[in-house]
Amino acid sequence: WQYARDIARVDKDGYIYPIDRIDNTIISGGENIYPQEIEFFLSKHPQIADVAVCGVPDEKWGQLIKALIVRRTPELTAEAVDRYCLESGELPRHKRPKAIEFVEAVPRNILGKIDRMALRTAR
């Protein structure tokens, strides 16, 4: 056995689909939320160039979902992103980002992956 700290889903045919890493899990109100799932959803928006999602501390819920978004156009607003999440029907309501911050660039490591450690320290 090798413990890789990955979270995966197995379908009825036995195919394995990686979801995220256990270290990246956001626990909000007792629910496990995986940032990569929200990032994939938000990246479909035509005005979002890049996105990273992380959890930020919250007294009531434990953590809240925060999205760091790089815009393609300056017209994109936090309200438009929230409306996109609500109207799509693809993203459950409890997985909507509660905080949206527009940034110039998402922190990435040398391999081009989102630098999760930088996200945790920059909150």
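The values are calculated or read from the model by the stated rules, or taken from the named source; none is laboratory data. Here the structure is a predicted model, which means the values were calculated and not measured. Virtual Cβ from ideal backbone geometry, glycine too; neighbours counted across all protein chains shown. Accessible surface is based on the protein model in full, side chains and every heavy atom, while ligands, DNA and RNA are left aside. Shrake-Rupley method; radii C 1.70, N 1.55, O 1.52, S 1.80 Å.
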(message) If a residue must be open to solvent by less than 70 Å² (accessible area, probe 1.4 Å), polar (S, T, N, Q) and under 15 Å from the mean Cα position of the chain (by Cα), how many such residues does segment 31-82 contain?
(response) 3
(message) Filter segment 1-41 down to the residues that are closer than 24 Å to Cys85 by Cα, among the hydroxyl-bearing types (Ser, Thr, Tyr) and not in a strand (DSSP E or B) and list them by number.
(response) Thr25, Tyr34
(message) I want to confirm something. Restricting to segment 16-30 and keeping residues that are β-branched (Val, Ile, Thr) and in contact with a helix residue (DSSP H, G or I) (Cβ under 7 Å, 6 or more places away or on another chain), which single residue is most open to solvent (accessible area, probe 1.4 Å)?
(response) Ile19
(request) Please determine, by comparing only the residues of segment 83-108 that are part of a loop (DSSP other than H, G, I, E, B) and in contact with a helix residue (DSSP H, G or I) (Cβ under 8 Å, 6 or more places away or on another chain), which one is most open to solvent (accessible area, probe 1.4 Å). (result) Glu90
(message) I need every pair where a residue in segment 42-56 that is farther than 16 Å from Asp115 by Cβ has its Cβ under 6 Å from the Cβ of a residue that is charged (D, E, K, R) and open to solvent by 10 Å² or more (accessible area, probe 1.4 Å), sequence separation at least 6 or different chains.
(response) Gln47/Arg72; Ala49/Arg72; Val56/Lys66; Val56/Arg123
